[in-house]
Amino acid sequence: MTITAVWPIESPEESNSGDGVTLTEPDEVDGLLSRLAEPNAGVATVWHESRELADEDEGMPDHDVCVAVRDGYGYMSYIDVEHDLAVPEGDPAAPGLRGGDVEFPEGSGVPVATLAEALREFLRTGQRPESVPWRTVAE
């Protein structure tokens, strides 16, 4: 299975810079999360290459997954045709995080190891990870 992640790099020198990676092996997830923990890394959009497209003409995936790492917490949001927008039930002490078009509410950050486990599951199954409990977020 394969997932692709792309994210902006907040840089005063380059207003439209970004980075990305394609993962095929579970042990590659830790490298992605290390890169997302870098100070200027924005929120990553992640998609599973084996899922069907919602719009084949536009190449739009049938799911939307966003991932970030900040201040020792991992953040993830997930929505698809079967699930409303949701975030993990995280540590109540985790601060909220806003990045681009994504807002992670307070208490939705999890340990980075938990996020890594969830991403490995997503890579393996292509489905919303069951390794974390989810709570629906009002859009």
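The values are calculated or read from the model by the stated rules, or taken from the named source; none is laboratory data. Please read these numbers as outputs of a predicted model, since none were measured by experiment. Please note: Cβ atoms are built from the backbone with ideal geometry, for glycine as well, and neighbour counts cover all protein chains shown.
Of note:
- Flag if Val132 is among the aliphatic types (A, V, I, L, M), at pLDDT 95 or above and outside any loop (DSSP other than H, G, I, E, B): no
- Residue within segment 26-48 that is of a type in the set (Ser, Thr, Tyr), touching a Gly at 6+ places or on another chain (Cβ under 6 Å) and in contact (Cβ under 8 Å) with a residue 40 or more places away in the chain present: no
- Scan of segment 122-137 for residues that are in contact with a helix residue (DSSP H, G or I) (Cβ under 9 Å, 6 or more places away or on another chain) and surrounded by fewer than 18 Cβ atoms within 10 Å (Cβ to Cβ), ordered by number: Arg124, Gln127, Glu130, Ser131
- Candidate set: segment 42-64, residues that are under 19 Å from Phe122 (Cβ atoms) and among the small types (Gly, Ala, Ser); chosen: the one surrounded by the fewest Cβ atoms within 10 Å (Cβ to Cβ): Ser50
- Scanning segment 69-128 for residues that are within 17 Å of Trp47 (Cβ to Cβ), of a type in the set (A, V, I, L, M, F, W, C) and without any contact (Cβ under 8 Å) to a residue 40 or more places away in the chain yields a total of 2.
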